[in-house]
Each structure stands twice: as structure tokens, then as C-alpha cells.
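Just below is one structure, and these are the notes that go with it.
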Amino acid sequence: MRDVKDTLRSLVRIGYDGRVWKTFRGPKADERFANEVRILRHLEERGCPFVPRLLESEPDQLRIVTSNCGQRVEHLSEDRAKQIFAELEAYGVRHDDAEVRNITYRASDGRFCVIDFEFATLLDGPST
């Protein structure tokens, strides 16, 4: 596994099999973990094709395992980034950290994807 993010809030690693391991830590780690799990489940239920799939959830370790959504994007126009995050809202989720650092590019299908939902908000109430 290789570390791709190591901050006070989380440790993110990508396994050699392509899965992404995110361990939450720091202030309100349990709340951020629960929110990201809830948002990813909601987006999967809605059939959103440009977000990671939640593969595992380990509440006792505050860790999730997701599918990989490609490489981080280094340069993207502000207008294009706004379009991508607006498209997410059509699935009932507002990304409350709508920055380019949370957009990836998946070369396999030429798609921009959105990651990191620990601060996202459901727009249409709880998912069932």
C-alpha cells in the first residue's frame, strides 16, 4: 500500500489491488466517518456513476474501503469544477468542500469523479 494523504483528519492509502483505504482521525472522526458512509450509500442507491463505491465499512476502526476513482486532477477550470459539483447535486448531495482537490480523473472511461464526502450534505433528507 502507498500513502496518498496523511493529515490530522485522515490517512488515505491505495492498495496494490486499487482499493482505497481511508482511516478517519482527529476531531469528530466518528461523525465524519458516519457521514461519509451515509453519503456514499445514498449515492450508490441513486446510481451515481462518478463517485467511489463503498466496499467495506469498519466503524470500530473508523475506516472505509472504497473503489478507486482515478488520479487526482492538478488543473481544472473553476467553471468545469462547478459543473461537476452541480451534477452531484442532481443525486441529492451537496459537497461542502467543493474544491479541485476533491476531483479525480478516471482514465478507463474518461470521467471526472468526486471524492471525499466527510463534510457533504444530503439535500433531500436521509436515504433509506
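Summary table
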item	result
Search result, residues across the stretch 86-123 that are closer than 19 Å to R32 by Cα and of a type in the set (D, E, K, R)	R94, D96, D97, E99, R101, D116, E118
Residue among V73, V51 that is without any contact (Cβ under 8 Å) to a residue 40 or more places away in the chain, in contact with a strand residue (DSSP E or B) (Cβ under 8 Å, 6 or more places away or on another chain) and among the hydrophobic types (A, V, I, L, M, F, W, C)	V73
In the stretch 10-40, the residues that are under 28 Å from L123 (Cα atoms) and assigned to a strand (DSSP E or B)	S10, L11, V12, V20, W21, K22, T23, F24
Residue check, C69 surrounded by 14 or more Cβ atoms within 10 Å (Cβ to Cβ), at pLDDT below 95 and closer than 18 Å to N102 by Cα	yes
T66, sole failed condition from (1) in contact (Cβ under 8 Å) with a residue 24 or more places away in the chain; (2) out of contact with any strand residue (DSSP E or B) (no Cβ under 9 Å at 6 or more places or on another chain)	(2)
Unmet criterion (only one of (1) within 16 Å of the chain's Cα centre (by Cα); (2) surrounded by 11 or more Cβ atoms within 10 Å (Cβ to Cβ)) for G18	(2)
Pairs, first within 19 Å of D124 (Cα to Cα) in the stretch 86-108, second of a type in the set (D, E, K, R) and not in a helix (DSSP H, G or I), C-beta under 6 Å, six or more apart	Y91/R46; G92/D124
Unique match (being in contact with a helix residue (DSSP H, G or I) (Cβ under 7 Å, 6 or more places away or on another chain), in contact (Cβ under 8 Å) with a residue 24 or more places away in the chain, aromatic (F, W, Y) and under 15 Å from K5 (Cβ atoms)) among F112, F24	F24
Output for the stretch 42-52, where each listed residue is surrounded by fewer than 17 Cβ atoms within 10 Å (Cβ to Cβ) and under 16 Å from A120 (Cβ atoms)	E44, E45, R46
When residues of the stretch 45-91 are limited to those that are among the acidic types (D, E) and closer than 25 Å to F24 by Cα, the one farthest from the chain's Cα centre (by Cα)	D60
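Yes or no, residue by residue, for (1) surrounded by fewer than 16 Cβ atoms within 10 Å (Cβ to Cβ); (2) under 18 Å from V12 (Cβ atoms):
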site: G26; (1), (2): yes, yes
site: D30; (1), (2): yes, yes
site: L40; (1), (2): no, yes
site: V73; (1), (2): no, yes
site: S77; (1), (2): yes, no
site: Y91; (1), (2): no, no
site: A98; (1), (2): no, no
site: D109; (1), (2): yes, no
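The values are calculated or read from the model by the stated rules, or taken from the named source; none is laboratory data. Model, not experiment: these values are computed from the prediction. Cβ sites come from the backbone with ideal geometry, for glycine too, and all protein chains shown count toward neighbours.
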